[in-house]
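Taking it in order: structure first as structure tokens, then the write-up.
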Amino acid sequence: MKPKTEKTLFIDFETFGATDIKTHGAWVYSLTAGVLLVSYRFDNTAPGVVHVKHAFDRKGLTLPADVVKHIKAGGRIVAHNWSFEHAIMVNALRLPVKADQFICTAATARRHGLPGDLYGAARSLGLKNQKDKGDGDYLIHKYSKPKKDGSYNAITPEDAAKWVTYGKADVLTMCELFDTLPRLDHDPHEWPVFQADQRMNLRGLRIDTKSVKVLKERYERDVTALEKQAGALCGVEPSGTLTIKSPIPFTAWVNERLTAARQRIKNAQDLTLRQLARQLTGTTDKGEKLILKALDLRRSLAASAPKKLDAMLNYADGDTVRHAFLYAGTHTVRWAGRAFQPQNLPRDAAENWAATFKATAETGKAVDVIGSLLRGLIIPEKGYTFAVGDFASIEMYALFFLSNCAAGLDAIKTGRDLYIEQAARVYGIDPKTVTKKQRNDGKVFMLAPQYGMGAGLLYKQCDLKNIPVTEKQAETAIRIYRQVFHQVQQFWRDSERAFIQAVQTGRETAIGHNAQTRVRFQLSKNKFFLRMTLPSGRAMYYVKPAIVDGKYGPAIQCEFAREGLQTIWGGVLAENIASTYSRDLLCHSFIEAERTGVLVPVGTVHDELICMVKKTDKATGLKALQSVMSTPPAWASGFPLRAECGLMDRYGK
């Protein structure tokens, strides 16, 4: 007898509410949202049939009995952007639904290199069913958001019919997408990671909202004072906008005060103004001193860190921000940030958070220090502390390991500092004399060239980072890197060749010197995907791969979710491989951390794993984290896996 197939519900909600979902996120939005319409079908429903129930009078929608029964019984649910449907069920409809009941077609699409939005994924795949984006945008704008007086537009019969058609189309498109792509819940490598992601995102990050409000108030006072200074110094435009914030007028203001010997600037772009500030350092001219003061004011007023304070408050339900991390948010299937974007918080955290916060709260000057306090606004639950582990230079190590780079692996094995050594080579000095500043330069000289960056781009990057190198030194850095770590350069070539051969011949190709480094390339039967499988067994996908005539011979073209059609080469492939390999090691540690029963993962930022551990178990928890993040899995046997782990009362760096 064949085993009984589990019944599946495909569902989509259309809602209304006064909370701005883009500003506050799906979870906070759902707390006060109402449901206008539900579109659904079961997998055993007749082909092409979608059931619709609506409450266009906004008096409350009751889900059909068969849907409620399925949900309460723990039945499987398919939704596009599962976090939205889950939040609506939990908060708006008060249903006892669990996260692990959901399969997300948006996550599945992203995991396969496709756009995460239903319209984009369906269009890229050329599905028979397509989401009607035009009608959807019109209906949502007109009926899902309140008017200025707080009331809602009454839904006309004509538009009610459009809502029903739109809801049916969404579900049919979602069903076809679900049937077209390999199922996420059938992937033994990714499904456990996705479910761990669900648990992490629902657990959320706790925010010290009281301190956020203090910093926000202090910052607003500072800004008022700074704007007054800026107005007095540079003036105000007829529109009422400060001249310092208006690119064209500010450019003219600066040029009027430069001495005759100085070259005039052409725009007020950040790079231009940073270069100008360096040129004017030490000037004795009165007008140029005013320019430096204006540049400092402009930098303070344009700081992005204070915007994080608003985002933390906007996305918080009480003191918890849920869904701050997006599974498969990048092409290499790494997490991306949402809400207040924890992935791009400033890295330079205050060494003494409490003292810095106290000084800021009491004396002001918040503009210049808020960035250093942001990470510390993330705090553990009561009774817990943070155990945070960070993989040390893991992508660089992965590249050396995968390419079997003798010089790189030997330096790691013997514990030598590669950044110091590279700085010494570029500057032509004894490694023992390398300063802290020069070591930081050496880090750029090591990391920038590893995926094929040329001398011209390296020179520009050094300029952005205020590293005073000449064009000749940039050329030297590239030349030395490729000489010393020549196996890395060969790895670029091998990756590109294997990719091209797989597309041209339709046969599987591979690179790597053993099972722990073997990467396989395989074109799908319909030639829509190039599947690149890593030693972990996980794969990443390239959409619509093609080989075209390039400047230096055959070139690779693929379609990317955000960038569209792009030409890539071996350096890009090497970066993708090393990044995904590193991500797989992080996923392994994530799963193993949960299995300890002591560690509770609450976030992952780049190569960090952020866990909570009970204060009574903190020694055990730290030891467990160090173990899981320093022990490579069997598929990475021999990898020089190293992690820096520590306990924190507040998140830091």
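The values are calculated or read from the model by the stated rules, or taken from the named source; none is laboratory data. Because the structure is predicted, anything quoted here is derived from the model rather than measured. FYI the Cβ positions are ideal-geometry reconstructions off the backbone, even for glycines, and counts take in every protein chain you see. Note: areas computed on protein heavy atoms with side chains; ligands, DNA, RNA excluded. Shrake-Rupley method; radii C 1.70, N 1.55, O 1.52, S 1.80 Å.
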Within region 70-85, the residues that are more than 25 Å from the chain's Cα centre (by Cα) and either under 20 Å from Thr19 (Cβ atoms) or assigned to a helix (DSSP H, G or I) (or both) are His70, Ile71, Lys72
Pairs, first under 16 Å from Arg218 (Cα atoms) in region 340-359, second small (Gly, Ala, Ser) and not in a loop (DSSP other than H, G, I, E, B), C-beta under 6 Å, six or more apart: none
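Regarding region 488-495, can at least one residue be identified that is assigned to a helix (DSSP H, G or I), at pLDDT below 90 and under 26 Å from the mean Cα position of the chain (by Cα)? Show your work before the answer.
Taking region 488-495 as the starting set, the residues that turn out to be assigned to a helix (DSSP H, G or I) are 488-495.
After this cut, where a residue has to be at pLDDT below 90 as well, the list is none.
No - not one qualifying residue is present in region 488-495.
Among the listed residues Ala349, Ala359, Ala354, identify the single one that is of a type outside the set (Phe, Trp, Tyr) and closer than 22 Å to Ala643 by Cα.
It is Ala349.
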Just give me the residues in region 256-266 being open to solvent by 60 Å² or more (accessible area, probe 1.4 Å) and either more than 23 Å from Thr284 (Cβ to Cβ) or in a loop (DSSP other than H, G, I, E, B) (or both), in sequence order. Ala260, Ala261, Arg262, Gln263, Arg264, Lys266
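I'd like the residue in region 530-550 that is charged (D, E, K, R) and assigned to a strand (DSSP E or B) and, out of all such residues, is surrounded by the most Cβ atoms within 10 Å (Cβ to Cβ).
Residues of region 530-550 charged (D, E, K, R): 531, 538, 544, 549.
Retained after the next criterion (residues that are assigned to a strand (DSSP E or B)): 531, 544, 549.
Working: Arg531: 19, Lys544: 15, Asp549: 7.
Residue satisfying both the conditions and the ranking: Arg531.
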Go through (1) out of contact with any strand residue (DSSP E or B) (no Cβ under 9 Å at 6 or more places or on another chain); (2) of a type in the set (Gly, Ala, Ser); (3) at pLDDT 95 or above; (4) more than 21 Å from Pro192 (Cα to Cα) for Gly134 and report which single condition fails. (3)
Go through region 203-237 and give me each residue that's open to solvent by 40 Å² or more (accessible area, probe 1.4 Å), within 30 Å of Leu609 (Cα to Cα) and either modelled with pLDDT under 90 or of a type in the set (A, V, I, L, M, F, W, C) (or both). Val214
Looking at (1) touching a residue at least 40 places away in the same chain (Cβ under 8 Å); (2) over 21 Å from Thr8 (Cα atoms); (3) assigned to a helix (DSSP H, G or I), which is the only condition Tyr119 fails? (1)
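Please go through region 174-204 and give me each residue that is in a helix (DSSP H, G or I) and in contact with a Leu (Cβ under 7 Å, 6 or more places away or on another chain), ordered by number. Can you show your working first?
So the first thing to find is which residues in region 174-204 are in a helix (DSSP H, G or I), and the list is 174-180, 184-186, 191-203.
Within region 174-204, Met174, Glu176, Leu177, Thr180, Trp191, Phe194 meet the criteria.
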If we keep only residues of region 133-168 that are among the basic types (Lys, Arg) and in contact (Cβ under 8 Å) with a residue 12 or more places away in the chain, then the residue nearest to Thr23 (Cα to Cα) is Lys145
I need a count of the residues in region 413-441 that are closer than 23 Å to Ala578 by Cα, touching a residue at least 12 places away in the same chain (Cβ under 8 Å) and either in contact with a Leu (Cβ under 8 Å, 6 or more places away or on another chain) or open to solvent by 70 Å² or more (accessible area, probe 1.4 Å) (or both). 2
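Let me confirm something: among Val333, Val321, which residue is more than 30 Å from Ala578 (Cα to Cα) and hydrophobic (A, V, I, L, M, F, W, C)? Working first, answer last.
Values: Val333 fails: more than 30 Å from Ala578 (Cα to Cα).
Result of the check over Val333, Val321: Val321.
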Which residues, counting only those in region 238-255, are open to solvent by 50 Å² or more (accessible area, probe 1.4 Å), more than 30 Å from Ala361 (Cα to Cα) and touching a residue at least 12 places away in the same chain (Cβ under 8 Å)? Pro247, Ile248
Could you tell me whether region 24-40 includes any residue that is modelled with pLDDT under 95 and either aliphatic (A, V, I, L, M) or farther than 23 Å from Gly60 by Cβ (or both)? no
So is Ile88 farther than 27 Å from Ala18 by Cα, open to solvent by less than 60 Å² (accessible area, probe 1.4 Å) and either among the hydrophobic types (A, V, I, L, M, F, W, C) or not in a loop (DSSP other than H, G, I, E, B) (or both) or not? no
Of the conditions (1) crowded, with 17+ Cβ neighbours inside 10 Å; (2) under 22 Å from Gly25 (Cα atoms); (3) modelled with pLDDT under 95; (4) not acidic (Asp, Glu), the single one that Ile379 does not satisfy is (3)
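So, in region 459-487, of the ones that are part of a helix (DSSP H, G or I) and basic (Lys, Arg), which residue ends up farthest from the chain's Cα centre (by Cα)?
At the first step, the residues of region 459-487 found to be part of a helix (DSSP H, G or I) are 459-464, 471-484, 486-487.
Among the residues that remain, those that are also basic (Lys, Arg) are: 460, 472, 479, 482.
Details: Lys460: 25, Lys472: 35, Arg479: 32, Arg482: 30 Å.
Within region 459-487, the match that is farthest from the chain's Cα centre (by Cα) is Lys472.
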Restricting attention to region 7-59, which residues are over 26 Å from the mean Cα position of the chain (by Cα) and basic (Lys, Arg)? Lys7, Arg41, Lys53, Arg58, Lys59
Looking at this structure, is Phe16 at pLDDT 95 or above, in contact with a Cys (Cβ under 6 Å, 6 or more places away or on another chain) and of a type in the set (Phe, Trp, Tyr)? no
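Here's the yes/no breakdown for (1) among the hydroxyl-bearing types (Ser, Thr, Tyr); (2) modelled with pLDDT under 95; (3) within 30 Å of Thr533 (Cα to Cα):
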residue	(1), (2), (3)
Thr580	yes, no, yes
Thr596	yes, no, yes
Met612	no, no, no
Ser627	yes, no, yes
Arg642	no, yes, yes
Gly646	no, no, no
Lys653	no, yes, no
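Residues that are more than 30 Å from Arg531 (Cβ to Cβ) and either in contact with a Leu (Cβ under 8 Å, 6 or more places away or on another chain) or open to solvent by 40 Å² or more (accessible area, probe 1.4 Å) (or both): does region 108-119 have at least one? Lay out the reasoning, then the answer.
So the first thing to find is which residues in region 108-119 are more than 30 Å from Arg531 (Cβ to Cβ), and the list is none.
There is no residue in region 108-119 that is more than 30 Å from Arg531 (Cβ to Cβ) and either in contact with a Leu (Cβ under 8 Å, 6 or more places away or on another chain) or open to solvent by 40 Å² or more (accessible area, probe 1.4 Å) (or both).
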Inspect all residues belonging to region 604-627 and state whether any of them is under 29 Å from Phe400 (Cα atoms), among the polar types (S, T, N, Q) and open to solvent by 20 Å² or more (accessible area, probe 1.4 Å). yes
Pick from region 121-139, criterion of a type in the set (Gly, Ala, Ser) and more than 25 Å from Asp159 (Cβ to Cβ), ranking: surrounded by the most Cβ atoms within 10 Å (Cβ to Cβ): Ala121
Among the residues of region 298-314, is any within 18 Å of Asn466 (Cα to Cα), in a helix (DSSP H, G or I) and of a type outside the set (A, V, I, L, M, F, W, C)? yes
Just to verify a result, which residue in region 206-241, among those that are touching a Leu at 6+ places or on another chain (Cβ under 9 Å) and polar (S, T, N, Q), is nearest to Ala316 (Cα to Cα)? Thr209
Inter-residue pairs, beta-carbon under 8 Å, first farther than 12 Å from Trp569 by Cβ and in region 485-508, second of a type in the set (Asp, Glu), 6+ apart: Ala502/Glu508
Here the residues within region 19-59 that are surrounded by 21 or more Cβ atoms within 10 Å (Cβ to Cβ), of a type outside the set (A, V, I, L, M) and in a helix (DSSP H, G or I) are His24, Gly25, Trp27, Tyr29, Ser30
